[in-house]
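K.L.:
Below: one structure in structure tokens.
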Amino acid sequence: MTETTITKGKFKHIESGNGKVMLLLHGLMGDLSNFKHIIRHFSSSFRVIVPALPIFETPIKQLSL
């Protein structure tokens, strides 16, 4: 199953699979690649969606927590 990155306006998400939706949310200090194996495993049974938070595309020097 292949992953697709979808952009709607200024928001992006990764989507893979078909069926009931499984939404994966990640913490601020994680990385979307942490979900790679989870997406592959569950996309055979679910439509897996992972929102890409803007924090992951902002240069680290511009971030403020």
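Values in this text are rule-based calculations from the coordinates and carry no lab data. Owing to the predicted nature of the structure, the values given are computational and were not obtained by experimental measurement. Every residue, glycine as well, gets a Cβ built from its backbone with ideal geometry; the counts of neighbours run over all protein chains shown.
K.L.:
Cross-link candidates for LYS36: which lysines have Cα within less than 21 Å, leaving aside residues fewer than 8 places away along the same chain?
P.N.:
Output for LYS36: LYS12, LYS20.
K.L.:
Using a 10 Å cut-off on Cβ atoms, rank the peptides 39-47, 18-26, 4-12 from the highest mean neighbour count down.
P.N.:
Numbers: 39-47: 15.7, 18-26: 12.4, 4-12: 9.6.
Output ranking for 39-47, 18-26, 4-12: 39-47, 18-26, 4-12.
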